[in-house]
Amino acid sequence: MNAKEIEEILTAHGVPVSDAATVADCFVTADAYGVTSHGTAILPAHIDRIDRGGYNLAPRLVTVKESPSFAVIDSDNAMGPVSAMHCMRYAIKKAEEYGMFTVFSRNGNTFGPAFYYPLKAAEKGYIGIVCSNSPAQMAPMGGKEKMLGTNPFSAVIPVPGSDPVIIDMATSVVAKSKFKEYKKAGKLLPDGWALDREGNPTNDPDKAMDGFVLPMAGFKGYAIALLIDVVAGLLPGAAFLNEVGRFYCDNNKSMNVGFCMTVIDPKAVYGGEWPETIRGYVQKLRSAAAIDGKKVLLPGDDRINFLHTQKA
């Protein structure tokens, strides 16, 4: 499904043309980079939410607080990509003036692929950094109650004349949707992925789906998930911990997801030599001694390679 087709579907369900274009571009970008779990595959779920009144299709994206370094924006229960793109554009505009700017948002909804937004900053030559909280799927260390989301983090570093460095990850060891994939394939989960509802390690996909996904890198991932929940959720006045609403549910309330976006103009911070410097940085990494039969990789290489393969 291409962007035009998605736009036509969304506008037929009442989404304004400009907003439909934003959502469509978000979804096809996810597919183009191989992140199909956050692309057109979830369009039917969004249409269902639209049709039952779960989104505000005429949101007032109000800046409720602002300083020269940050702003807090109320997303007014808009579709996630609509409010998130508004906040990213706002941050880019302010970074053009100040060299760096952060936007916090509350009262939002799931915004899809996190890397999509800092990628837009990178297209302007800026470094983009995004984090968001999400519905609780992880227990606190030593606990057996869902309290923290898989809270994603993404950053994109532009490299003039070359592909950007794309960092995009959840703070869980895997997305919980992986449990369903393993069940469908009749496979057991690898060790270290999940706990059952009583907090015991499990390889059973059913028990895992009823239990908890584990954080990446153990306590470190747990700590990062907590930090993101505070910075992206609690700080801007969004929901936090197990108060974040779920996307797949029957109510029409805002999920009240919170997110934080920072845009940095590297030339303003480093100076005019930045393009040559970052190119040299990347080249130095890529030319590092490699293990026999392998090559040195940078974050996002898999997605960049998928993109180029699709275009070939």
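The values are calculated or read from the model by the stated rules, or taken from the named source; none is laboratory data. All figures in this text were calculated on a predicted structure; none of them were measured in a lab. Note that we place each Cβ from the backbone using ideal geometry, even for glycine, and neighbour counts take in every protein chain shown. Side chains included, ligands, DNA and RNA excluded: accessible areas come from the protein's heavy atoms. Shrake-Rupley method; radii C 1.70, N 1.55, O 1.52, S 1.80 Å.
Given a cut-off of 28 Å, name the pairs among Lys65/Lys253; Lys94/Lys284; Lys146/Lys184 whose C-alpha atoms lie farther apart than that in the structure shown.
Numbers: Lys65/Lys253 24 Å; Lys94/Lys284 32 Å; Lys146/Lys184 24 Å.
Too far apart for the 28 Å limit: Lys94/Lys284.
Efficiency by 1/(1 + (r/R0)^6): what FRET value for Asp206 and Met1, r their Cβ-Cβ distance, R0 = 41 Å, to the nearest 0.05? Can you show the working numbers first?
Working: r = 32 Å, r/R0 = 0.77.
Taking R0 as 41 Å, the efficiency between Asp206 and Met1 is 0.80.
Would you work out which of Ser37, Tyr270, Leu298 lies farthest towards the positive end of the dipole of the chain, given +1 charges on the beta-carbon of Lys and Arg and -1 on that of Asp and Glu, about the Cα centre?
In the chain, that residue is Leu298.
How would you rank 211-221, 121-131, 182-192, highest first, on the average number of other Cβ atoms within 10 Å across their residues? The partial results should precede the final answer.
Values: 211-221: 18.9, 121-131: 21.8, 182-192: 12.6.
Going by the mean number of other Cβ atoms within 10 Å, highest first, we get 121-131, 211-221, 182-192.
What is the dipole size for the chain, taken about its Cα centre, with +1 at each Lys and Arg Cβ and -1 at each Asp and Glu Cβ, in debye to the nearest 20?
Details: 32 positive and 33 negative charges, 71 e Å.
Value, rounded to 20: 340 debye.
Divide by every residue of the chain the summed helix terms, -39500 (n - 2.57) for each DSSP H run of at least 4, and state the resulting mean residue ellipticity at 222 nm, rounded to the nearest 500 deg cm²/dmol.
The helix contribution divided over the chain gives -11000 deg cm²/dmol.
Which percent, nearest 5, of DSSP beta bridges in region 1-137 are antiparallel?
Numbers: 4 of 9 bridges.
Close to 45 percent.
Between region 64-110 and region 272-286, how far is it from one alpha carbon centroid to the other, in angstrom?
29 Å
Over the chain, what percent of the accessible surface lies on carbon and sulfur atoms, probe 1.4 Å? Walk me through the numbers on the way to the answer.
Values: 8460 of 15290 Å².
C and S fraction of accessible area: 55 percent.
Semi-axes of the equivalent ellipsoid of the chain: what are they in whole Å, largest first, if each equals the square root of 5 times a C-alpha gyration tensor eigenvalue?
29, 26, 21
Given labels modelled 7 Å from the Cα in the Cβ direction, how far is it in nm from Val296 to Asn242?
In this crude spin-label approximation the distance works out to 4.6 nm.
Around Val130, with a cut-off of 12 angstrom between Cβ atoms, what is the net charge of the other residues, counting Lys and Arg +1 and Asp and Glu -1? Intermediate results must be reported in sequence, preceding the final value.
Values: positive: Lys120; negative: Asp168.
With Lys, Arg at +1 and Asp, Glu at -1, the neighbours total 0.
Given a Förster radius of 35 Å and the C-beta distance between Glu181 and Val17 as r, what FRET efficiency does 1/(1 + (r/R0)^6) yield to the nearest 0.05? It would help to have the intermediate numbers written out before the result.
Numbers: r = 35 Å, r/R0 = 1.01.
Rounded to the nearest 0.05, the efficiency is 0.50.
Let me check against my output: what whole-number percent is the relative contact order of the chain, with C-alpha pairs under 8 Å and at least 6 apart? Before the final figure, lay out each step's value.
Working: 640 pairs, mean separation 59.7, N = 312.
Worked out over the chain, it gives 19 percent.
Please report, to two decimal places, log10 I(q)/I(0) for region 11-168 at q = 0.08, 0.16 Å⁻¹ as given by the Debye formula with identical point scatterers on the Cα atoms and no solvent.
Per q value, in the given order, log10 I(q)/I(0) is -0.25, -0.98.
So if I take the alpha carbon set of region 100-236, get Rg, then get Rh from the Kirkwood formula, what is the Rg over Rh ratio? Can you show the working numbers first?
Numbers: Rg = 16.5 Å, Rh = 16.0 Å.
Looking at region 100-236, the ratio lands at 1.03.
How large is the charge dipole for region 86-236, taken about the Cα centre, if only the Cβ atoms of Lys, Arg (+1) and Asp, Glu (-1) carry charge, to the nearest 20 debye?
With only Lys, Arg, Asp and Glu charged at Cβ, the dipole is about 260 debye.
Sort 86-96, 160-170 by the packing proxy (mean of other Cβ within 10 Å over each peptide's residues), most packed first. Present the calculation step by step, with values, prior to reporting the outcome.
On the way: 86-96: 20.5, 160-170: 17.8.
Packing proxy ranking, top to bottom: 86-96, 160-170.
Around Gly237, under 10 Å between beta carbons, what's the net of Lys plus Arg minus Asp minus Glu among the other residues?
On the way: positive: Lys65, Arg106; negative: Asp74.
Summing Lys and Arg as +1 and Asp and Glu as -1 gives +1.
Please list, in order along region 127-144, the HN-Hα scalar couplings obtained from phi with the Karplus expression 6.51 cos²θ - 1.76 cosθ + 1.60 (θ = phi - 60°), rounded to whole Hz, x for Gly and Pro.
3J(HN,Hα) across region 127-144, in whole Hz: 7, x, 9, 9, 9, 8, 8, 7, x, 4, 9, 10, 8, x, 4, x, x, 9.
Give a residue-ordered list of calculated ³J(HN,Hα) values for region 204-221 (Karplus: 6.51 cos²θ - 1.76 cosθ + 1.60, θ = phi - 60°; whole Hz; x for Gly, Pro).
Whole-Hz 3J(HN,Hα) from phi for region 204-221: 7, x, 5, 5, 5, 5, 8, x, 9, 7, 8, x, 5, 6, x, 4, 5, x.
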